[in-house]
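To start, the structure under review is shown below, and the notes come after it.
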Amino acid sequence: MGESMEKLFAWLVLGILSLYALQFTAMFLSMQVYAESVMEGIVYFKSANELGYVSAAGCVIENVFWNINAALVQCTARASNTLRSMGINVAPNINISISTTLTSLKILGPVNRVMEASNWLSNVSFAWSWAVSRVGADLVWRYFNATGSNVTIAVLDTGIDPTHPFIAGKLSGWIEFDRKGRPVCSNPHDTYGHGTWVASIAAGGDGKRYVFGVAPSARIIAALVLPAGFGTAAQVLAGLNWVLKPVDCRGNPINVGRVAVVSMSFGESGNYSNVFLPAVAKLIDSGIIPVAAIGNDGPYTSSNPGNIWGVIGVGATDYDDELAWFSSFEEVEWPEPPATWPLGQYPKNYTKPDMVAPGVDVPGAWPGGLLAIGSGTSASTPIVAAIAGVVSQILYEEGLRGSQLVSQVRNILMESAEGLPFTGAGHGLVNAFKAVAEALGYRVSDFTISVYPSSATPLSTVRLAAKGLYTATTLSMYIAGVEVFRGGYSPGAVVEAVVPPTHYSGNEVFAVGLRGSTIYYAKTLLYVDPALYVKKVNVTAGMGLSIAASGVGIGDLITLNLGNSILSLDISDLRGSYQATLVTPYAASGWYNITLYDLSNPTITLSKQIYIATPRPVEEVKYVEERYTEVRYSLLPVIVKVSDYYVSGVDGYIDVSSPLNITIETLSIESIVKGNAQVRLVNITTLPSGIHRIWIKPELLNTTEAEVIAKLRLYINNTPVNYPIALNIIAKKPEETIASSISKEVDTAIKNIEKAMLSLNNTASKIISNVSARTEELAKNISQVKTQINSINNTAENYYSTISKEINEMKNRTQQLTWATIATIALSITLIIIALTRIKTK
């Protein structure tokens, strides 16, 4: 009996405790809420098995980039935490754009426009980029014949126009990726223009007629990863994955040669994630140099991937070799440095950018055969990329491979850069000439060159003198890319040189000599002031007026004014110059100001005085035969009178008068605006007043009316001139057709009015009906919306009330459970004591 009671008490205690334990467990599980949010991100894996872990953790694999062991995935927060515990991190699929690297852009027009009015000096190229000469790339071509042969540059951007004259025939690989990094089959094209521009800055032109690209003989492969200038990290990674093993959109390998460098003129400002790090490491291990823009957001920030240690991050400079106002720089503190890195220990803190290059008003190609001028670290990046590609090819031919090749290229570029005395320039301004010379094994001996005066106008004379050059040698001296001196130079000698037409502000002056394996090198800046030139100060109205300007901005909008009248509205060329031959307008004899206004740079205003002499005026002639339209050309000393109309098959005439000696040669149709017709020149007579009368016979061809533009070929003072004349040709004289057509027109008008009124009534009825129906429908929709809003409010109130009740009930239950637990524990202890007491008593 006693043992039975003890067992009973023991089972009772265990049952009560188990009951409450189950209740507490159920309550705890019922209070757990999992908010499962899905995030699109990038994961890197070491093997296919590890990629399987990603899938097993609950992530959806959207795309795999096998060359860099990366994948685009969609993971819940729980799955991401699971992977993190396994050492696999999910990096966000960040947005990337060119907006952080492109500051300004202006389109100048067709390329052939650049070649016009370029006859100032025979040895001066006007299809020229100041950036090419500033970094000494043109010196590399002349002294080392290193123009980029056998160099392949990968450009990841908005696409490319392969038909542009600057880059035609240079594209050897193409691919397009969608936002998830999947290949898209397409023909090469540019979705913005930015990609064509940066590609031409790297490899555009031919180095002779068109001086635009740093490595004009290089090949280009282009990946469209930023459609319209915007993309994702997945698209960029797809591009980097492709650069390692280029294929077409169907996965077939394409032969593009060895890719030396990848140029990336884009970024995400203020981003320091590791999303690109493993891909960059793969590039470096493969001997491919990554170059990227540092960004245009000014100091104390930088853009990813340009701020990665190992990527050559590039800032921008202006004409004066000073840091561009927009160029980013900072002391980077990388949050999670990788444990291993192909270039050695990845530092926690380092400075960006690594170096700078010209990035203000840099000209280049634009889709459709156009020319563009832009500013930003976008422009600076392909300059450094092209130089890196040339140096890489030299070292590759010497046997360097992989990360050792990349490391050596970086070292040469940084050691040869021109140090600049301000923060934000990294190791300095990239120097193509010194970098290539060092890669080829030359010893560079620096000396100093001075320019007197330090500022001058184009076409003026300056004196150049070398300091620190102690040995007589053969030197060449260059100003703004133009050789101004070549010959033997002795220490202490002074050379006089003419400043070529060039842009305002800083222009580079180089002095270079080569003796054996030693290169003598010097560089300084000449500051150029604007100037206006007039060929003749005394001119006659109606005669040619030759005007030129230089030392203004590149591609600036300028006007030429005579007093308050505008003679010309145009843009300056790529040398900051302008040249035009105008016809001197008629004005009273006297002195006048010719003034140039630079509308793009209002601080530039130039003025010259000219004396205009007016010739003897022509006797006035009265016309009474027919009605005529008088056409006057304000800038040309010619008056042309044409009839309001000419009748087909009937002779008519055109009168031409001028105070100058003119000879009429021929009249021909230039273009047909309407219908079809031909005009035959019958005769040319001269009236006693000196008026030249041109007799013509127009004929309509299968039409009742035509408008044509005729070209009148004549000579003014032995100068050939083409005049456009508009001729209106009709089948019959208007008075012959007016009477017969009036009644028809009236009848037609009445019928049209009746139709219009009927149509108007129908339309009005339909409009009223539609408005009524729409009004009723809108009222119903408003009512439904109000009902839905009220329903939502009621539902929300019910939810709030229910949740409040449940929370209060949970609080009460918790308190009850707490007291019940205490009571249960106390009862259990009491029962145990009683049981023990009974056992002891027995």
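For D161, the residues whose modelled amide H falls within less than 5 Å of its own, excluding neighbours fewer than 5 places apart on the same chain, are T196. Comparing G369, Q345, M414 along the charge dipole axis of the stretch 345-484, the residue lying farthest to the positive side is Q345, per the Cβ-charge model. Model label points for N145 and I566, set 7 angstrom from Cα along the Cα-to-Cβ axis, are 5.2 nm apart. Phi angles across the stretch 303-314 convert, under the Karplus curve 6.51 cos²θ - 1.76 cosθ + 1.60 with θ = phi - 60°, into 3J(HN,Hα) values of 10, 8, x, x, 8, 6, 6, x, 7, 6, x, 10 Hz, Gly and Pro given as x. Note on the stretch 406-537: semi-axes of the ellipsoid equivalent to its C-alpha gyration tensor, largest first and rounded to whole Å, are 29, 20, 12.
Note on A56 and E415: their simple-model spin labels are 5.0 nm apart, each label 7 Å out from Cα toward Cβ.
Put simply, the amide H of I289, placed in the peptide plane, has neighbours under 5 Å in V261, V262, leaving out anything fewer than 5 places away on its chain.
When you count the other C-beta atoms within 10 angstrom of each residue and take the mean per peptide, 568-577, 359-368, 655-664 line up highest first as 359-368, 568-577, 655-664.
Placing a label point 7 Å from the Cα of I669 along the Cα-to-Cβ direction, the residues of the stretch 692-719 whose backbone N falls under 19 Å from that point are 695-713.
Extension gain for I254 to N722 (0.36 nm times residue separation, less C-alpha to C-alpha distance): 163.1 nm. Take the Cβ atoms of D285 and I829, set R0 to 56 Å, and the FRET efficiency comes out at 0.20. Model label points for E496 and T471, set 7 angstrom from Cα along the Cα-to-Cβ axis, are 3.1 nm apart.
Summing charges over neighbours of V198, with a neighbour being any other residue whose Cβ is under 13 Å away from its Cβ, gives -3 when K and R count +1 and D and E count -1. Using θ = phi - 60° in the Karplus curve 6.51 cos²θ - 1.76 cosθ + 1.60, the 3J(HN,Hα) couplings for the stretch 595-600 round to 10, 9, 10, 8, 6, 7 Hz; x is entered for Gly and Pro. Using R0 = 45 Å, the C-beta based FRET efficiency linking A613 and S104 works out to 0.50.
If R0 equals 22 Å, the separation of the Cβ atoms of K733 and K697 corresponds to a calculated FRET efficiency of about 0.90. Taking amide H positions as modeled 1.01 Å from N, with prolines and chain starts lacking one, the residues under 5 Å from T540 and 5 or more places away or on another chain are A613. Shown in residue order for the stretch 535-552 are the 3J(HN,Hα) couplings computed by the Karplus curve 6.51 cos²θ - 1.76 cosθ + 1.60 at θ = phi - 60°: 5, 10, 7, 9, 10, 10, 3, x, 9, x, 10, 8, 10, 9, 9, 8, x, 9 Hz (x for Gly and Pro). The listed peptides 166-178, 344-356, ordered by packing as a protection proxy, come out as 166-178, 344-356 (highest mean of other Cβ atoms within 10 Å first). Surface composition of the stretch 308-354: carbon and sulfur make up 50 percent of the accessible area, probe 1.4 Å. Estimated at 0.36 nm per residue, the fully extended path between V682 and Y715 surpasses their Cα-Cα distance by 9.9 nm.
The values are calculated or read from the model by the stated rules, or taken from the named source; none is laboratory data. Remember, it's a predicted structure, so these values are computed and weren't measured experimentally. FYI the Cβ positions are ideal-geometry reconstructions off the backbone, even for glycines, and counts take in every protein chain you see. The area values use the complete protein model at the heavy-atom level, side chains included, leaving out ligands, DNA and RNA. Shrake-Rupley method; radii C 1.70, N 1.55, O 1.52, S 1.80 Å.
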